[in-house]
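K.L.:
Got a structure for you, questions after.
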Amino acid sequence: MYPVIIPARAGSKGIKGKNIIDFCGKPLLAWSILQARMCSQISNVYVSTDGYEISNIAREYGAIVIQRPQDIATDSSSSEDALIHAIQKIEEREQFDSVIFLQATSPVRRKNDIDKAIEVFEKG
């Protein structure tokens, strides 16, 4: 089983509120959460965020929120910073060998894309 990590920072300067804008009837972030939750090999879906609204949406769609510290939620912070922090928090809850990293801003996936990616990964 694999945990999924979806980083979703609140302070986007390019497109304000991009992670929560309506995209085909749902907040953009919701699509990645729902897609991950449909996969049989996913243990939990985690959203790493510094935003109150993002946290509420994440919980509404079934994700576990990891509150990201402000020092790794800046314009100059990397996704890797958020992932490392999230992995450390997830290790307190569950055991795993690998994680799945999904971008909230790339929600266009076919129904089985995540399952197929896991299959390819496991084959080496």
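The values are calculated or read from the model by the stated rules, or taken from the named source; none is laboratory data. Keep in mind that what you see is a predicted model, and the values were worked out from it rather than measured. Calculation scope for accessible area: heavy atoms of the full protein, side chains included, ligands and nucleic acids excluded. Shrake-Rupley method; radii C 1.70, N 1.55, O 1.52, S 1.80 Å.
K.L.:
Would you check the chain for Lys pairs whose C-alpha atoms are within less than 26 Å, ignoring same-chain pairs closer than 8 in sequence, and give me the count?
P.N.:
Eligible lysine pairs with Cα atoms under 26 Å apart amount to 8.
K.L.:
May I ask you to give the solvent-accessible area per residue for segment 14-55, in square angstrom, as obtained with a 1.4 angstrom probe?
P.N.:
Value for segment 14-55: 48 Å² per residue.
K.L.:
Return the label of the correct value of semi-axes √(5λ) of the Cα gyration tensor in Å, as calculated from the structure shown, out of [x] 32, 15, 14; [y] 22, 18, 13; [z] 25, 18, 14.
P.N.:
Read-out taken from this structure: [y].
K.L.:
Hey, can you grab everything whose amide H is under 5 Å from the amide H of Ile5? Only 5+ residues off in sequence or another chain; H modelled, so Pro and N-termini drop out.
P.N.:
Under 5 Å from the amide H of Ile5: Tyr46, Ile100, Phe101, Leu102.
K.L.:
Okay, next question. Indicate the gyration tensor shape class of segment 50-105 (rounded, prolate or oblate), computed on the Cα atoms with a ≥ b ≥ c the square roots of the eigenvalues: a/c under 1.5 is rounded; otherwise a/b larger than b/c is prolate and the rest oblate.
P.N.:
Verdict is oblate for segment 50-105.
K.L.:
What list of ³J(HN,Hα) couplings, whole Hz, do you get for segment 53-67 from phi and the Karplus terms 6.51, -1.76, 1.60, once you set θ to phi - 60° and write x for glycine and proline?
P.N.:
Listing the rounded values in order: 5, 4, 4, 4, 5, 4, 5, 4, 9, x, 9, 9, 8, 10, 6 Hz.
K.L.:
Counting only protein heavy atoms, what percent of the accessible surface of the chain is carbon or sulfur at a 1.4 Å probe?
P.N.:
50 percent
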